[in-house]
Each structure stands twice: as C-alpha cells, then as structure tokens.
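What follows is a set of notes on a single structure, which appears directly below.
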Amino acid sequence: MNLRHIIIVFKKEVIDLLRDRKTVFATLFIPMLLIPLLNLLLSSGVKELFNEINENVPVALAQDSNTPEIIALVKEEIISKNNHIQLLNAQNPYQALHLDKIRAILSFEKNYQTKLQAKEPFRIQIIYDKSQNKSAGSIEIIAQAITEFNQAVVAERIVSLGGKAEMAEAAQAELVNIADARQVNNSFLMLILPLMIGILMAVGGIPAATDLVAGEKERGSLEPLLATKPNRQSILFGKYLAIALFSFISVLASIAGLIFSYFINPQSSSLLGEVSTSGMNIPPLAILFVLAIAFTLGLTFAGIQVALSTFARSFKEAQTYLSYLIFAVMIPGYATLFTQPSDIPIYMFFLPILNTLSAIKIVLGGYIIYRYLAMALLSSFLYVFAALLFATILFNKEKVLFRS
Amino acid sequence: MLKTINLTKKFGNFTAVSNLNFEVKKGEVLGLLGKNGAGKTTTLRTLATMLKPSAGTAQVCGYDLLKEPEKVREHIGVLFGGENGLYDRLTVAENISYFGELYNMNQKSIRERLHLLTEIFEMQDYLHRRTAHLSKGMKQKVAFARSIIHNPQLIILDEPTSGLDISAIRDVHQFISACKKTGQTIILSSHLMFEVEKLCDRIGLIHRGCLIELGTIAEIKQKFHSDDLEAIFLKVVGENS
Ligand SMILES: Nc1ncnc2c1ncn2[C@@H]1O[C@H](COP(=O)(O)OP(=O)(O)O)[C@@H](O)[C@H]1O
Ligand SMILES: [Mg+2]
C-alpha cells in the first residue's frame, strides 16, 4: 500500500463523485429533505388529530334525555366552563356517533331532577365508541367536565349547609414524578434513534459505492486504472475512503435535515426537541463513545459496500445487492426494538451491528456502563477490519473483477 | 524488452492462452493476429499484470511479471480497445493528468508532457472539456495520450481501432507509425490482417490460445509461398480448426 497513491485516487474519486448529479442528489439532498418532509407530514397529521380530540368535542343527548331542562342544565352547568365541548342536536344520536359526527352521547337518568333536588346522586351515562380514536380520546374531557360539575354542586350544597366551599374537597391529588427526567424523555428516542443511526450508516455510501466500482467496471474505466502503477490495495483504499466520506456526508445531511425540521416546526416534539432536552444529561465521554462506535459502523458498511460493488457484474446488480444492506440493520434493529437497556445481554456488545445499536441504546437510556461501550467499540473496529479484508480479497480476485 | 516463457493462462479448465514463447526487441512493433476469442486480450492482460499467469511467466522491461508486477506496470502503457475507459465527468486534461500522478510524475513534468501530447494528438480544442461530450475518435485519442503520459518503454495496445470510424482509424494508425519512428516498442493485437501488415515489423498468429506462426511478414509470405497474408491466415487457421 502506498499512501500517496491512496490520496491521489481518493482526491480524484471525490471530485468525480461531486460532479455526478445522481450521487450528489442521493447522498446530499434526499437525506437533507427527507426528514423535514416526513416531520412536516407526520406532525401536521398528528397535530390535527390532537386538535380534533381536545379542542372540538361535539356531544349530543340521548333521545329520552333531549328535554329543554336537560339541555339547559348541560349548557349552563356542565359545558359552560369548557368551551371545547359543544352540544349538538341530533335526531339519531347513535347514528351520529357511528358516523363520527359526535364523540359521545349523554344519557340522563329518568328521575334525575327529583334526585338532584333530594340531593341524591343521579347517573349520567357517557356513551361512546371505543373503536373510534377520536371518540375514545375525547371521553376524558367529557368526564372531566362532569367531575367539575359535581364539585361545583357539592360545594354549593356545603355552603348552603353553612360550610365552606373548600370542604367539597377532601384531598388534592398532586402528581410528583420521580422518574429520571432523561428516561422519560428518551423512551421514544431510545426506540427510534439507534435504528435510525444504523440505517443512515448502512445506506449513506450506497450511491458512491455503486458508482466507484460497479459503475467503473461497466464504463470500462476500471481496467485502465488497474493497469497503472499503483497496486490494487492502494486503488481500493482510495475508493473506500471516498465512499466512507460520502457516507458520512450523507449522515451529516440527515442531521442537518433534522435540525432544519426542528426550526421550521419546533413545537411538534420532533426528535431533535427531545435530544435537546435530554442531551445535557448524557456525559460527554459516553457521547464520544457513541460517536466513535457509530463512526466505525459507517467504516464497516463502507467496506461491505465496496466489496458488494466489486462483486456485482453491473451497476444494476450492485444497486440491488446494496439495497439489501438496509435489512442488515432493520432486522436486528426491530428484533431488539423493545429490549430495555438494562436487559441487554453482554454478548450483544460483540455482535456486528447489534453492538452499535445496543451501545446507543444504553447511553440514551441512561444505563451507561463504560465497559460495555468499550467492548462495542473494540468489536466494531474488528468488523471494520473484517469488512476491509473481505473487500480486499474480492478486489484481488480476477474472477470477480473480470467476470462478464 | 519483452520475453514470454511458456506463458499460460487458464480459466478453470479452459486454456485461453497456452505456452506462449515469443520476444519483442527494443524498437520493434509486434502484432498479435487472431480471430475473436483466440486469446489476444487474455495474453495482453496477463502481460499488463491484470491477470496472473497459470503457468510460465514473462520478462517485461527487465522485470519479472510475477515478482515485480508494480515495476512492470510502471514501465508499460496500456490501451484496451472497445471501451476507452475515460472518466466522463473529468476533462481531457484531468483524465490525462490523473494517470500522470498515478505514475508518480511531478506536476511540472505532467504539464510538459501533457503539452507535448496535446500537440501530437491535436487535442487543443477540447483539452478542458469533459470527455462525456467527445466523439468516439476524440476519446480514443485522449485514451491513447493518457496511456503514454509517463513515456513508457513498452506500449501495449489491444485492438486499438475496434469500433472506430475510418478517419479515426487512420488517425490511430498515424500515431502508431509516428511512435514507431521514434523507436518506441509496441505490442498490439488485431483481428484485421491489413492493420498488422501496415503497422507491424513482425506478426504472431494466435489461434485457440496457441502461437502458431511467428515471423516478419516477408518470412511468413516466403514460408507459405504466397503474397496474400489474408489467404495464409485463413489457411493456417483453417488447418487447425
Ligand atoms: N475472465 C474470463 N473468464 C473465463 N473465460 C474467459 C475470460 N476472459 C476470456 N475468456 C475466454 O478466453 C478466450 C479468449 O478470450 P480473449 O482473450 O478475450 O480473446 P480475443 O481477445 O482474442 O478475442 C475466449 O474463449 C473467452 O471466452
Ligand atoms: Mg479481445
């Protein structure tokens, strides 16, 4: 191997790739735009549903409860304080519920008035459809309104008996959350981020890898290159480094997209929002470990990509082989998606890909064991080496290089 | 300059090149003539260290093919026909300079040599254009220039005119003749009788991986008592098939 030759090949390949619109588009622009677009679509959809559930809660009265007295009671006593609930007049309330026109039907006990005057409890049924998301989500708001009505009536009664309104309440419930703030914040992140980083590392270099070996073979430019002075190892490494660089550019582009999507839509609780609230709790050393481990995963995938692209007979074939790489992350990723950081068995930190996913997961989950991180990093380095060895063997096989 | 010793190349059980023994002297142009599939490309690829011989070896520019492949590559210039293998997204000058750098030339000598080659191959008009937009003939000139940027001792040309139109073929023939005049050693392959007859000092007839005739054109004509190389070629090949 000759460092000078590696650098010459690397430089030329980078220039060559930067001039290839297809590669630049797939490496830079698609990752940069994908996340903001997804975020925009998803968050606007979620937000709409959320608004629907919380801010627009139409209800109707059951047919036998649809009397002027009950209408007045509901309007003035129950929903007057909660301007998200609207009382609609439905001819056929069950059908309306079915058609999602209303969220619930309120049905009052027949002799409710007598009971109310006698200061006895009466029953209001909230009839809803649990199979409908909106209906189920709105129920709490309706129940809350009735609870408030209850409290108001009870307070009134106490006052009329000469007591104080506060007596209506025996105890005030106050929620005190002792869970680590970072654990709560990270639960979603912990699920999705390791997988996302893994996938980005697996696919980032694909356009470059396809072009630089299989593409060159197809265009006939690999053979003259191999006939020049540098040995194959140097040529392979120059190409490999260019692919690794493009792979990291692609990951950075995705991160830029993430940041961008946070700025255009910060309150949508995007991934980054959670990172920024939780990131501060992760010790810098652990972050360094994670970065190094993710980096080595990228180097491993670049090696595998170069190898597969060498093995492929044509550009198309290379694209096909390389597109399968995403499964190399997705299958182990999904298989361990719900494993808790503290439940990850130690051997996971030695297995390819899983070591990276596990390392990211324990750091995000706040279950940081540096011994495990060190093992993951060490094994990651071994896999980089193995991938490069594999690529080298293929690149030196004339059967593979000159098959047609 | 070049000497093969029982050079043999097998692909699995199939022998593509069998026991080649020939020599190319300094300043000589040797043509390997043979039908498609005869083993010409395989022979030249092996000489260029792209393929490892299955048996035998060759001395190229004083270096052994097996022992010092990098030294061999340093002293040869290789042009494979058919596809010219240029980088479409680089300019003509960038394509040629890249190879200069790979041969460890410094920037100054690359510039000087590029300047010279630009004049010889008359590439002034498109030196800074990307090669994707050039005609086939222009591309072949650039590929030719690129393969000799380092002023190699031996030039290996595999069917250098295949796929070109008549005027481009004439250009390539002119360059080869010009090289020959300056004392350049060349080994080229072709399946065209008239091409080797026009360009080469000696020819080797290859058939099914074997070298079945080797000599100057005059020697071969005399041996077969005929003036018509084409007829001789067909006769020899026919006898063996
Ligand atoms: N990489 C390879 N693997 C297997 N067989 C090959 C390979 N390259 C060439 N051959 C076979 O070797 C024979 C000689 O091929 P080649 O040297 O290309 O012939 P020519 O250049 O004279 O047309 C052909 O039969 C061809 O099919
Ligand atoms: Mg050929």
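Specify the residue that is nearest to B:Leu116 (Cα to Cα); the eligible residues are those in the stretch B:193-225 that are touching a residue at least 60 places away in the same chain (Cβ under 8 Å), open to solvent by 30 Å² or more (accessible area, probe 1.4 Å) and under 16 Å from the mean Cα position of the chain (by Cα).
Looking at the filtered set, the residue picked out is B:Asp201.
Scan the stretch A:13-44 for residues that are open to solvent by 40 Å² or more (accessible area, probe 1.4 Å), under 30 Å from A:Arg219 (Cα atoms) and in contact with a Gly (Cβ under 8 Å, 6 or more places away or on another chain) and jot them down.
Result: A:Met32, single match.
Residue by residue through the stretch B:21-39, note down the ones that are within 15 Å of ligand 2 (Cβ to nearest atom) and either over 13 Å from the mean Cα position of the chain (by Cα) or open to solvent by 10 Å² or more (accessible area, probe 1.4 Å) (or both).
Result: B:Gly34, B:Lys35, B:Asn36, B:Gly37, B:Ala38, B:Gly39.
Enumerate the pairs (first residue in the stretch B:169-180 and farther than 16 Å from B:Phe80 by Cα; second residue anywhere and open to solvent by 40 Å² or more (accessible area, probe 1.4 Å) and among the polar types (S, T, N, Q)) with beta-carbon separation below 7 Å, excluding pairs fewer than 6 apart on the same chain, so at least 6 apart or on different chains.
Every condition considered, no pair remains.
Does the stretch B:109-116 include one or more residues that are hydrophobic (A, V, I, L, M, F, W, C), part of a loop (DSSP other than H, G, I, E, B), modelled with pLDDT of 95 or more and surrounded by fewer than 24 Cβ atoms within 10 Å (Cβ to Cβ)?
Just the residues of the stretch B:109-116 that are hydrophobic (A, V, I, L, M, F, W, C), to begin with: B:110, B:114, B:116.
Those left that are additionally part of a loop (DSSP other than H, G, I, E, B): none.
For the stretch B:109-116, residues hydrophobic (A, V, I, L, M, F, W, C), part of a loop (DSSP other than H, G, I, E, B), modelled with pLDDT of 95 or more and surrounded by fewer than 24 Cβ atoms within 10 Å (Cβ to Cβ): absent.
So B:Leu86 clears everything in (1) under 25 Å from B:Ile149 (Cα atoms); (2) among the aliphatic types (A, V, I, L, M); (3) in contact with a strand residue (DSSP E or B) (Cβ under 6 Å, 6 or more places away or on another chain) except one condition, right? Which one?
(3)
Looking at B:Asp88 and the list (1) within 11 Å of chain A (Cβ to nearest Cβ); (2) in contact with a Ser or Thr (Cβ under 7 Å, 6 or more places away or on another chain); (3) surrounded by fewer than 20 Cβ atoms within 10 Å (Cβ to Cβ); (4) under 20 Å from B:Gly183 (Cβ atoms), which single condition is not satisfied?
Only one criterion is unmet by B:Asp88, namely (4).
Output the number of the condition that A:Leu288 fails; it satisfies all remaining conditions of (1) open to solvent by 70 Å² or more (accessible area, probe 1.4 Å); (2) of a type in the set (A, V, I, L, M); (3) outside any helix (DSSP H, G or I).
Answer for A:Leu288: the failing condition is (3).
Can we say B:Gly12 is touching a His at 6+ places or on another chain (Cβ under 8 Å) and either within 20 Å of B:Thr216 (Cβ to Cβ) or more than 16 Å from ligand 2 (Cβ to nearest atom) (or both)?
For B:Gly12, the condition - touching a His at 6+ places or on another chain (Cβ under 8 Å) and either within 20 Å of B:Thr216 (Cβ to Cβ) or more than 16 Å from ligand 2 (Cβ to nearest atom) (or both) - is not met.
Report, by residue number, each residue of the stretch A:248-261 that is touching a Ser or Thr at 6+ places or on another chain (Cβ under 8 Å) and either under 23 Å from A:Arg19 (Cβ atoms) or not in a helix (DSSP H, G or I) (or both). Don't jump to the end; show me each part of the working.
At the first step, the residues of the stretch A:248-261 found to be touching a Ser or Thr at 6+ places or on another chain (Cβ under 8 Å) are A:249-250, A:253, A:258, A:261.
Residues satisfying the conditions are A:Ile249, A:Ser250, A:Ala253.
With touching an Asp or Glu at 6+ places or on another chain (Cβ under 9 Å) and crowded, with 20+ Cβ neighbours inside 10 Å as the only criterion, which of A:Ser314, A:Ser309 stands out?
A:Ser309
Specify which of the listed residues (A:Ala374, A:Ala391, A:Ala387) is away from ligand 1 (no atom under 16 Å from the Cβ), closer than 30 Å to B:Thr41 by Cβ and either in contact with a helix residue (DSSP H, G or I) (Cβ under 9 Å, 6 or more places away or on another chain) or not in a helix (DSSP H, G or I) (or both). Don't jump to the end; show me each part of the working.
On the way: A:Ala374 fails: closer than 30 Å to B:Thr41 by Cβ; A:Ala387 fails: closer than 30 Å to B:Thr41 by Cβ.
Every option except A:Ala391 fails the conditions.
Just for the stretch B:32-59: of the residues that are basic (Lys, Arg) and within 14 Å of chain A (Cβ to nearest Cβ), which one is farthest from B:Lys198 (Cα to Cα)?
B:Lys52
Test B:Thr46 against the stated conditions and say whether it is at pLDDT 95 or above, under 20 Å from the mean Cα position of the chain (by Cα), within 16 Å of ligand 1 (Cβ to nearest atom) and closer than 21 Å to B:His191 by Cα.
On the way: at pLDDT 95 or above: yes; under 20 Å from the mean Cα position of the chain (by Cα): yes; within 16 Å of ligand 1 (Cβ to nearest atom): yes; closer than 21 Å to B:His191 by Cα: yes.
The answer is yes for B:Thr46.
When the stretch A:321-357 is examined, which residues are found to be in contact (Cβ under 8 Å) with a residue 60 or more places away in the chain and either under 11 Å from A:Ile199 (Cα atoms) or of a type in the set (Gly, Ala, Ser) (or both)? Quick ask: steps written out before the conclusion?
From the stretch A:321-357, those in contact (Cβ under 8 Å) with a residue 60 or more places away in the chain are A:322-323, A:325-326, A:328-330, A:333-334, A:337-338, A:341, A:353, A:355-357; that's our starting set.
Answer for the stretch A:321-357, where residues must be in contact (Cβ under 8 Å) with a residue 60 or more places away in the chain and either under 11 Å from A:Ile199 (Cα atoms) or of a type in the set (Gly, Ala, Ser) (or both): A:Ser323, A:Leu325, A:Ile326, A:Ala328, A:Val329, A:Met330, A:Gly333, A:Ile353, A:Leu357.
Each row is one residue, and each column tells you yes or no for (1) more than 14 Å from every other protein chain (Cβ to nearest Cβ); (2) modelled with pLDDT under 95; (3) over 24 Å from B:Gly37 (Cβ atoms).
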| position | (1), (2), (3) |
| --- | --- |
| B:Leu127 | yes, no, yes |
| B:His133 | no, yes, yes |
| B:Ser167 | yes, yes, yes |
| B:Gln174 | yes, yes, yes |
| B:His207 | yes, yes, no |
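Of all residues in the stretch B:122-168, which are more than 14 Å from B:Gly77 (Cα to Cα) and of a type in the set (Gly, Ala, Ser)?
B:Ala132, B:Ser135, B:Gly137, B:Ser162, B:Gly163, B:Ser167, B:Ala168
What is the number of the single condition among (1) in contact (Cβ under 8 Å) with a residue 24 or more places away in the chain; (2) aliphatic (A, V, I, L, M); (3) under 30 Å from B:Ser54 (Cα atoms); (4) open to solvent by 70 Å² or more (accessible area, probe 1.4 Å) that A:Leu389 does not meet?
With respect to (1) in contact (Cβ under 8 Å) with a residue 24 or more places away in the chain; (2) aliphatic (A, V, I, L, M); (3) under 30 Å from B:Ser54 (Cα atoms); (4) open to solvent by 70 Å² or more (accessible area, probe 1.4 Å), A:Leu389 is out only on (1).
The values are calculated or read from the model by the stated rules, or taken from the named source; none is laboratory data. A quick note: this is a predicted structure, and the numbers were derived from the prediction, not measured. Counting neighbours? That spans all protein chains shown, and the Cβs are built from the backbone with ideal geometry, glycine included. To get the accessible areas, we keep the full protein, side chains included, count just its heavy atoms, and leave off ligands, DNA and RNA. Shrake-Rupley method; radii C 1.70, N 1.55, O 1.52, S 1.80 Å.
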